[in-house]
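Shown next, in structure tokens, is the structure this report addresses.
The values are calculated or read from the model by the stated rules, or taken from the named source; none is laboratory data. On a predicted model such as this, the values are computed, not experimentally measured, just so you know. Heads up, the Cβs are rebuilt from the backbone with ideal geometry, glycines too, and the neighbour counts pull from every protein chain shown.
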Amino acid sequence: MESEISHLEISGDETTETADTRAGFKPTEPQSTAATPRNASLDGLPSELKASILHSVPSIPALQTLVRSSPLYHKVYLDERKVILSAVLLRDIGPQVLPDALAVHKASQIGFDGSGLRKDNVKSFISQYKAERGSSSPATCDPLDIGTLESLSRLQSVVTKIASDFCEATLSVHPVTGERIQPHGDLSINEKRRIYRALYRFELFRALFTKPRGIQIPPESRRCFYSMDQSLLFLSIFTAWEVEEVACVRDYIIRRHTEILRESSSELSKLCPNKDLHDEYWQIQNTGYLMSLGLPFLCQLLNASSAAQKASILESNICCDRAFLTEAFLVDGPNAAWPWSTNQKVDVLYFQEHKQPLRKWAYVMWDLGKLKDWRILDVDPEQHSGTRNRRSDGFRKLIDGWNEVA
């Protein structure tokens with residue numbers, strides 16, 4: 001899961017690609033600016049203090065910035081990168097989310113060979129993942145090899161970028177008044193944990209149930225799991241509100257891809273003159289396919305600086321559709337007697353359509369303080385989310401269309 005991070009090292013007067021910089025940290029020569037004396041004093045610290053500073057930074061992006069700012073810090077980083085990456089990754093991802101991040105890395109290693117064993121391997125992996133999630137031992141990066149640490153650092157860079165955009169998209173509008181509001185300040189530890197785990201679990205679902213692009217897959221390995229399998233094997237592991245966290249991520253990614261398609265439609269039309277990019281049904285299907293390309297692909301689009309660049313990235317991905325994740329959410333839940341027997345107090349259905357307005361502001365992610373500030377808990381949830389029709393005719397038509405394609 002490569003991100004758009006450069007893998008370069010400065011060696012003398014030349015810039016060369018090396019195995020030592022797989023974590024993506026590129027140093028730059030100091031500039032003659034007003035800040036040079038401060039930078040010079042930091043560069044003049046003993047190597048032991050430089051290592052301590054690198055070891056103590058709060059996040060992978062902060063580590064990247066520091067290492068890229070100075071060849072001297074870059075050298076110290078290379079000398080101790082396993083210890084430094086282990087400490088910073090655990091601090092950034094958090095011990096409660098680290099098992100999910102590791103699971104994404106491990107799941108991406110499950111092969112698509114001709115043995116027909118992928119389905120069994122995925123089932124075995126999910127069983128192991130469940131056991132590791134239930135372990136009482138705190139997660140740590142210490143036993144991980146440098147290759148795994150570097151892979152996690154690249155993925156965490158992507159997750160950090162997407163999490164920032166997710167918060168901006170979901171917190172920019174007041175959920176009750178609909179008015180635009182200023183950012184609400186830093187996330188709490190719990191809010192960050194909920195968002196990170198939802199993003200990693202989205203990527204884990206993708207690693208387990210979609211085939212990568214650009215490789216030939218043996219016929220017996222192409223269609224391993226149907227939506228019912230995906231729901232029972234994977235989504236059932238989590239509590240209903242944790243599934244709803246992933247659903248919030250799903251809705252955000254769909255909205256983001258829809259916006260990007262519209263922003264770049266003029267440039268895309270030049271590249272693909274025979275495609276009706278304004279067909280709403282096609283847009284819905286294609287955003288599902290784009291979602292299946294994962295967080296690194298979305299990050300690449302977000303980093304593109306112009307509509308033309310976005311169109312260039314999208315060009316080879318606008319004629320495809322793939323049923324991804326949504327079908328697994330829509331597997332039928334219990335019969336009507338189950339919620340009736342609990343006096344309607346237990347909600348065990350995934351991805352209910354009437355909650356889409358709630359997912360737009362990621363309602364399951366935020367702490368009580370934010371919810372009280374918004375006075376959202378004083379509002380009738382049914383009134384806020386609209387009608388309780390579970391699935392509209394148009395939405396059902398779309399899902400039926402996906403089933404036909406599948």
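Summed over the stretch 278-309, the residues that are of a type outside the set (Gly, Ala, Ser), part of a helix (DSSP H, G or I) and either more than 23 Å from Ala169 (Cβ to Cβ) or more than 19 Å from the chain's Cα centre (by Cα) (or both) give a count of 7.
For every residue, the table says whether it meets (1) within 22 Å of Ala62 (Cβ to Cβ); (2) assigned by TED's automatic domain parsing to the domain that holds Ile376; (3) among the acidic types (Asp, Glu).
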position: Gln128; (1), (2), (3): no, yes, no
position: Glu132; (1), (2), (3): no, yes, yes
position: Asp142; (1), (2), (3): yes, yes, yes
position: Glu150; (1), (2), (3): yes, yes, yes
position: Cys167; (1), (2), (3): yes, yes, no
position: Gly178; (1), (2), (3): no, yes, no
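Within 30 Å of Thr65 (Cα to Cα) and either over 16 Å from the mean Cα position of the chain (by Cα) or outside any helix (DSSP H, G or I) (or both), is that true of Leu102? When the stated conditions are applied, Leu102 does not pass them. Here Thr170 clears all of (1) out of contact with any Leu (no Cβ under 9 Å at 6 or more places or on another chain); (2) outside any helix (DSSP H, G or I); (3) buried (at least 20 other Cβ atoms within 10 Å of the Cβ) except the condition numbered (2). In summary, Phe125 fulfils each of the numbered conditions (1) assigned to a helix (DSSP H, G or I); (2) under 29 Å from Trp366 (Cβ atoms) with the single exception of condition (2).
Checked against (1) surrounded by 14 or more Cβ atoms within 10 Å (Cβ to Cβ); (2) in a helix (DSSP H, G or I), Pro175 meets all criteria but (2).
Tell me yes or no: at least one residue of the stretch 50-60 is buried (at least 19 other Cβ atoms within 10 Å of the Cβ) and under 14 Å from Gln156 (Cα atoms). It would help to see each step written out before you state the result.
Within the stretch 50-60, the first condition is being buried (at least 19 other Cβ atoms within 10 Å of the Cβ), and the residues that meet it are 50, 54, 57, 60.
Retained after the next criterion (residues that are under 14 Å from Gln156 (Cα atoms)): 60.
Yes, because at least one residue in the stretch 50-60 is buried (at least 19 other Cβ atoms within 10 Å of the Cβ) and under 14 Å from Gln156 (Cα atoms).
Any residue that is more than 30 Å from Leu187 (Cβ to Cβ), modelled with pLDDT of 60 or more and not assigned by TED's automatic domain parsing to the domain that holds Leu268 - is there at least one of those in the stretch 341-359? Among the residues of the stretch 341-359, at least one is more than 30 Å from Leu187 (Cβ to Cβ), modelled with pLDDT of 60 or more and not assigned by TED's automatic domain parsing to the domain that holds Leu268, which makes the answer yes. Screening Thr258 on (1) assigned to a helix (DSSP H, G or I); (2) β-branched (Val, Ile, Thr); (3) modelled with pLDDT under 80 shows it passes everything except condition (3). I'd like to check something: does the stretch 128-148 contain any residue that is buried (at least 20 other Cβ atoms within 10 Å of the Cβ) and touching a Lys or Arg at 6+ places or on another chain (Cβ under 7 Å)? No, every residue in the stretch 128-148 fails to be buried (at least 20 other Cβ atoms within 10 Å of the Cβ) and touching a Lys or Arg at 6+ places or on another chain (Cβ under 7 Å).
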